[in-house]
Each structure stands twice: as structure tokens, then as C-alpha cells.
Amino acid sequence: MLVGKKYYLMSPGPTSVPPEVSLAEAQPIIHHRTPAYEEIFSEVNENLRYLFQTSRDVYTLASSGTGAMEAAVVNLLSAGDLVLVVNAGKFGERWGKICKAYGVNTILLDVEWGHVVTPEQIAEKLKESPDIKVVFTTLCETSTATLLPIKEIADVVSKTDACLVVDAVSGMGVEEFKTDEWQVDVVAVGSQKGLMIPPGLGLVTMSEKAWGLAAKSTLPKFYFSLAAAKKNLADRQTAYTPAVSLVYALRQALKMMKEEGIENVWKRHQILAKACQAGVKALGLEILSKSPANGVTAVVAPPEIDGKTIIKGYKEQGIIVAGGQDHLKNKIFRVAHMGYAGTFDVLTAIAALEMILAKSTYSFEKGSGIKAAEGVFLGCIELS
């Protein structure tokens, strides 16, 4: 990093960490089998229920979000069980890969990248294959910055014997999500996105319906045993050594989110997304997703300048954004506005994009992106 150049982390994970959270994480470490830790962990668990909008326990694992996803698979299923996987991008694809690794029979419901699955498609698959035990999907498909209709999907699945499992890694703390009210059975989350702390914690919650399925599961599990997590949580503990410093960080981040109010957190992300999208469109660029997420915006690179060059241009200005994956590599770029993000993060991203485009042969009205983004923010300020 060059001296004098400010660094902006605007990738869709990991995301920026507030100074208060970094300071909390830097506290002297304590032993985890002590009343002092149990008090901290209890506070964290209470606030996790608020974040997830659930009355259930939320289990904390020392893992990435993928660890939470794997925990969902191995605790619910047995080899040979039939599941439905919504494959709308790289992270829907990951559900399928985990299931196949454990010998679970998988029906893939393939969705064009940037598009959304419909509840009707889910209902049709469940009708065709009534033996489906679990429906796996994502809240925000990060690879395409697409928001999926979880509430509507849950309404379909809840009327069947199947369980709905949602990867909310890049959506929790960003998108409106009501675990209990929507009847979502299992939610898997990672710490490094909307939760505003570094990578390293996986979070899982399970409904009674899911626990009923788990009672019949025969897939191998040890470290990711949620039955062990449940037993130890009753004693305000984890089954195995927790990531103590990350729990400190999570405690502070959850406190900040609770003070802001979860509805205000959701609204803030909606405004940031609308501003970013408005700025991009004003520059004549195309948003990839037909159902854009509120935490990250995927933009189609114009013919005059490829995605790789745009990402390089951002990096030269001290800003880290993400590119496309698989067939979208070098064709899109993704700008995140999730977690510890505010008005001037989006304005900085749009201003930097204008400067990158100005150095190419791409034709646009200079200042139009900033003007459009500012218009959203000013409009929201007037309405609030």
C-alpha cells in the first residue's frame, strides 16, 4: 500500500471493519471455559437472535460461511437422500458440490445467472419429486449480486415436508430477513460481510422441523455436529475451542447493529444500493441482475473497456472491488456496499468509476454518475 493513498475495501467479502470492532477484537484474550467468557457469549447469542429475527438458538462455529453450509448438509441428511438445489450462481453451485461430496442425490434447478428462481418453479419440482427432503438456496447470490425471493419460496416449502435451507452469508445484516415469520428452517451465515467483522465465524440456526430431520441423519459429523453445539450452548459454551477474539468483535458489531435498529440497517443498505445503481445507469452502464441485491452491485463492463481493466483502475486508486467468475470473468465487476458502508463510500466508488471510464474510449457525460447517486441520497434525506 502506497503511503498517502487511502485504502477502500469494497469487495463483497471480506468487507470493512469498523474501528470499534477492531478495538474490541484487540482486547486481551481470556480463557473460554470461564464465567467471564460465558457472560460475553450469552450476550452475543441474545443479539444473534435479534439479528436473525428468531426465537431459536443460533450456533457459532469457528469456520467460514462454507463451514456453516456444510454443517447444514451433514446434520440434516443421510447418503442417498434427495434434495433440490437452486443453482443461480457460484454459491448455489456450492450447495450442490457439498451435497454430492456426501453422497446426497441432488436435483439442480438451474437458473440463468443474474435471474431469479420463482416460487412456482420450486413448487413444480416439489410436486414432481415429493421425496425431496431439503431445498437449498441463497438469499443473495453474491456472484451475480442477485436477491432471491426467500419469503415467497419459504411460503411454498413450509407447506410441504421438506426443509428450506438458506445461505444468507452475504445477505444477513443487509437484506430484510425474518427467519421465524417466514418459516425458514435453516439459515447459514458467515461473519465477514454484513456482520462487519473479519472472516472466521460460521453461524447456523435450526427450526424444530429441521431438528426432526436431523434426528434421522446418518451422514458423518464431528466438528460440525449441531447436536453437540446445542448441548453445549445450554451451558453458555461451544463444543470446541471458540475463536474468542472474533466473538469479542461480533459482540461489538451486534451491539452497533442493535443500536441502529435492524429495520434501519436494512433501509440503509436499500438506499446505498439504489444510489449505486442510479450512478451506474446514469453512466450508460448495465446492471447485470434482474433482481439486484442491496449489498453488492454487479455491473456489465462496456465493450470499450473490459472488467479486468476496470478492476485494475479501481486498485490504482486504492479501491478493491471484485470481478466476475466463470463465464462472467472479465465481463463484469462487482462493487460492494454492505456492512460498514455509508453515503460517501458509494459516491467514492462512482467517482472512481467515472475517472476510470474517462481514460478509455467510452463516451459518457462526466459527472452524471455522481449527480444521479447524490440525487438518490438527497431524495432519501428529504423523505426521512
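Placing pseudo-labels 7 Å out from each Cα toward the beta carbon at ASP180 and MET256 gives an inter-label distance of 2.7 nm.
The trypsin sites (Lys or Arg not before Pro) found in the stretch 113-222 that occupy coil by DSSP, while having at most 13 further C-beta atoms within 10 Å, are LYS159, LYS216. Summed over qualifying helices (DSSP H, 4 residues or more, each -39500 (n - 2.57)) and divided by its residue number, the chain shows a 222 nm mean residue ellipticity of -13500 deg cm²/dmol. Stretching the chain fully between ILE320 and GLU286 yields a gain of 10.2 nm (0.36 nm per residue, less the alpha carbon separation). Rounded, prolate or oblate for the stretch 19-260? Axes are the square roots of the Cα gyration tensor eigenvalues, ordered a ≥ b ≥ c, and the cut-off for rounded is a/c under 1.5. Note, shape of the stretch 19-260 comes out prolate.
Mind checking which helices in the chain clear 18 Å along their axis (Cα) and have mean Kyte-Doolittle hydropathy of 0.0 or more, DSSP H runs only?
Details: long enough: 35-52 (25 Å, -0.38); 244-260 (24 Å, 0.14); 262-282 (30 Å, -0.18); 343-358 (23 Å, 1.76); 368-383 (22 Å, 1.05).
Counting only whole DSSP H runs, the qualifying helices are 244-260, 343-358, 368-383.
Gain in length, GLU208 to ASN232, computed as 0.36 nm per residue apart minus the alpha-carbon separation, to one decimal in nm? Could the numbers behind the result be given before it?
On the way: separation 24, 0.36 × 24 = 8.64 nm, distance 1.79 nm.
Value of the extension gain: 6.9 nm.
Per 0.36 nm of contour for each residue apart, how much would the distance between THR218 and LYS312 grow if the chain were fully extended, relative to their Cα-Cα spacing? Write down the numbers at each step before the final one.
Working: separation 94, 0.36 × 94 = 33.84 nm, distance 4.78 nm.
My answer for the length gained is 29.1 nm.
The stretch 203-281 and the stretch 9-41 have their alpha-carbon centroids 14 Å apart.
Each residue, LYS159 and ASP131, gets one label point 7 Å from its Cα in the Cβ direction; the gap between the two is 2.4 nm.
Restricting attention to the stretch 99-208, close to 45% of DSSP beta bridges with both partner residues there are antiparallel. Alpha carbon centre of the stretch 135-149 versus the stretch 59-128: separation in Å? Here the two parts' Cα centres lie 11 Å apart.
Charge tally for LEU357 (other residues, Cβ to Cβ under 12 Å; Lys, Arg +1; Asp, Glu -1): -1.
The longest part of the chain holding none of the exposed loop chymotrypsin sites (Phe, Trp or Tyr not before Pro), meaning those outside H, G, I, E and B in DSSP with at most 12 other Cβ atoms within 10 Å, is 8-221.
Of all aspartates and glutamates in the structure, those lying under 12 Å Cα to Cα from LYS366, and not within fewer than 8 positions of it along the same chain, are GLU354. At an R0 of 30 angstrom, the distance between the Cβ atoms of SER360 and GLU263 translates into a FRET efficiency of 0.15. Taking GluC sites (Glu not before Pro) across the stretch 104-209, the ones in a DSSP loop with at most 12 further Cβ atoms lying within 10 angstrom of their Cβ are GLU112. On the basis of the beta-carbon distance and an R0 of 41 Å, ALA101 and LYS329 show a calculated FRET efficiency of 0.95.
For the chain, give me the percentage of DSSP beta bridges that are antiparallel, rounded to the nearest 5 percent.
Details: 22 of 42 bridges.
So the antiparallel bridges amount to about 50 percent of the total.
Across the options PHE377, ALA358, ALA253, the greatest Cα extent toward the positive end of the charge dipole of the chain (unit charges at beta carbon of Lys, Arg, Asp, Glu) belongs to ALA358. With a Förster radius of 22 Å applied to the beta-carbon distance between TYR240 and ALA79, the computed FRET efficiency rounds to 0.30.
Arranged from fewest to most other beta-carbon atoms within 10 Å of their beta carbon, SER360, SER63, SER16 become SER360, SER16, SER63.
Cross-link pairs exceeding 25 Å in C-alpha to C-alpha distance, out of LYS125/LYS274; LYS90/LYS255; LYS6/LYS193; LYS193/LYS258; LYS90/LYS230; LYS133/LYS331, comprise LYS125/LYS274; LYS90/LYS255; LYS90/LYS230; LYS133/LYS331.
The label-point distance for PHE344 and LEU108, in a model that sets each label 7 Å from Cα toward Cβ, rounds to 4.6 nm.
Bear in mind that the values in this text are calculations on the coordinates, not laboratory data. Since the model is a prediction, treat every value here as computed from it, not as a measurement. Reconstructed Cβ throughout: ideal geometry from the backbone, glycine too, with neighbour counts over all protein chains shown.
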